[in-house]
1. Using the alpha-carbon centroid of each, what span in Å lies between region B:1-72 and region A:1-39?
2. If you build a Gaussian network model of chain A, linking Cα atoms that sit under 10 Å apart, which residue out of A:Ile128, A:Ile66, A:Ile99 swings the most?
3. Strictly greater than 37 Å: what percent of every Cα pair in the protein assembly as shown meets that?
4. Give me the aspartates and glutamates in straight-line cross-link reach of B:Lys11: C-alpha distance below 12 Å, same-chain residues under 8 apart excluded.
5. Using a Gaussian network model of chain B whose springs link C-alpha atoms within less than 10 Å, name the residue from B:Val74, B:Val17, B:Val84 with the highest mean-square fluctuation.
6. Say a label goes 7 Å from Cα toward Cβ at A:Gln64 in every copy; what distances in nm does this one have to the rest, shortest first?
7. Could you give the nm distance between label points at B:Lys5 and A:Gln64, where each point is 7 Å from its Cα heading toward the beta carbon?
8. Name the residues whose placed amide hydrogens come within less than 5 Å of the amide hydrogen of B:Leu41, ignoring near sequence neighbours (fewer than 5 apart) on the same chain.
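Please treat every number below as a calculation from the coordinates, not as lab data. Everything quoted here is computed from the prediction, not taken from an experiment. A quick note on method: Cβ atoms are made from the backbone with ideal geometry, for glycine too, and the neighbour counts reach across all protein chains shown.
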Number of protein chains: 2
Amino acid sequence: MSMLKIGQLAKSTNVAVATLRYYEAQKLLQRPARAANGYRLYPQETLTQVRFIKRAQALGFSLQEIRELLFLKVEATRHSCHEVKQVAEDKLSNVRERILELQSIESALATLANKCCGGPEMAAGCSILRELDEGAIK
Amino acid sequence: MSMLKIGQLAKSTNVAVATLRYYEAQKLLQRPARAANGYRLYPQETLTQVRFIKRAQALGFSLQEIRELLFLKVEATRHSCHEVKQVAEDKLSNVRERILELQSIESALATLANKCCGGPEMAAGCSILRELDEGAIK
DNA sequence: CTTGACCCTAATGTTAACTTTAGGGTTTAT
DNA sequence: ATAAACCCTAAAGTTAACATTAGGGTCAAG
Ligand SMILES: [Zn+2]
Ligand SMILES: [Zn+2]
Ligand SMILES: [Zn+2]
Ligand SMILES: [Zn+2]
């Protein structure tokens, strides 16, 4: 139960087999040991590593950024806490900016939707369309 | 100063000329009038349209979604006010979903960043890396 | 009248993050 | 012993959203 074949790793991380091989090619995962037959044999640790990748991805990191995080981690003894925190904070302010922009579009759309009667008549005179014409959404 | 050539439109919207032609091919922009020499001639209105595209894009909308928004007017004669309003409301709830997702990412990142001392010492024990490893974050 | 900045179309190239395909070996279960 | 299920590599395909290139007109300035 110690070493995992790629299919088992795939199943327990919910990541496609081809994706795991892709991550390896992209150096997001170390090249695993091989059995006599050539099959990849992953240590349990790899489960954590794959989950790290998925989690970071869910937080909006690109594979490139994740690679940088993993590099910092592997080379932890040569990089400062500050460097790592900086990566996280850059991402955080990026996310906050996008939230603000989305909120501004939200209110624009809400305003539009509120002005429309939503009735069954043809939309020729629909207020939404009129507003779009006049550049209410910009 | 009424009609714009593609280069002027490109410059004042900060979008590449090739991109404008691409948008046209993708039906995000109406096919503009042409001068006798074949040059595209855009009305001022197009400035607003291009900026709308760029802004919506920065908010994470795909060109496909943007196309739907921009097509509301064109579809007006074939659809009821109700249908048009429905499209707007779908977009609105889409935007609200995105906001919620981003907010959950925001708090996860903020939690991470807060736990890290950000000091100059080596990142061997950095809490960000530890948390990503341990899955303490969602 | 020539140079350089623009414009045109059509086609091909690019990047990210995968997925699919082609062509074979290997394991497992019946 | 044979079929289903798994594994391998190398390469090509996919999607989005452009960018670049090739080949060729157009226009203002000097
Ligand atoms: Zn109405
Ligand atoms: Zn309406
Ligand atoms: Zn620290
Ligand atoms: Zn730290």
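1. 46 Å
2. Looking only at A:Ile128, A:Ile66, A:Ile99, the largest GNM fluctuation is found for A:Ile128.
3. Value for the protein assembly as shown: 37 percent of Cα pairs lie more than 37 Å apart.
4. Of all the aspartates and glutamates, none pass the test against B:Lys11 - Cα under 12 Å, at least 8 places apart if same chain.
5. Maximum among the listed residues: B:Val74.
6. List, nearest first: 2.5 nm.
7. Rounded to a tenth, the inter-label distance reads 3.5 nm.
8. Answer set, sorted by chain and number: B:Ala33, B:Arg34, B:Ala35.
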